[in-house]
Amino acid sequence: MRDLEKERARVDVVTSELDQLQLTYTTTTKNAAVIETSLKEIKQQRDEIVKQKDDLTQQLNEIEMKMEIEVKKREEIEKVNRRQLGEIEKLKTNIADYESQ
């Protein structure tokens, strides 16, 4: 009888340990699933951020190119303006010379 009680107690301990292990396994499996889902979401967010960064970089490059073009146009206009002002001054000098003659 004692052996049977000892065996029953041992089986109860093993059953309890098994139940605890199964509970731990279930919890760990659920946690792993949650972590995998979170990881997928984070990767998706990362991909979206990288895409946005690439789009913004392209937009910035386009704006920089347009700005360079506009700066060159402005410089050319200023150069032409200075040349024309020089010609105007020459013509004024010529007119003043003609008037003084």
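Annotations for the structure displayed:
- Measuring r between the beta carbons of Met65 and Lys40 and using R0 = 41 Å, the FRET efficiency lands at 0.60.
- Once the Cα gyration tensor of the chain is diagonalised, semi-axes √(5λ) in Å: 95, 9, 5
- Sum of -39500 (n - 2.57) over DSSP H runs of 4+, divided by residues of the chain (222 nm, nearest 500): -37500 deg cm²/dmol
- Note on segment 1-68: lysine pairs with Cα distance below 17 Å, sequence gap of 8 or more or different chains, count 4.
- With Cα atoms, 0 to 90° folded angle of helix 2-100 axis to the chain main axis: 0 degrees
- Straight Cα distances below 17 angstrom link Lys90 to the lysines Lys79, with same-chain residues fewer than 8 positions distant left out.
- Span from the segment 59-101 Cα centroid across to the segment 1-56 one, whole angstrom: 75 Å
Laboratory data are not the source of any read-out in this text; all were calculated from the coordinates shown. Treat the numbers as computed from the prediction; the structure is a model and nothing was measured. Positions of Cβ are backbone-derived with ideal geometry, glycine not excepted, and every protein chain shown enters the neighbour counts.
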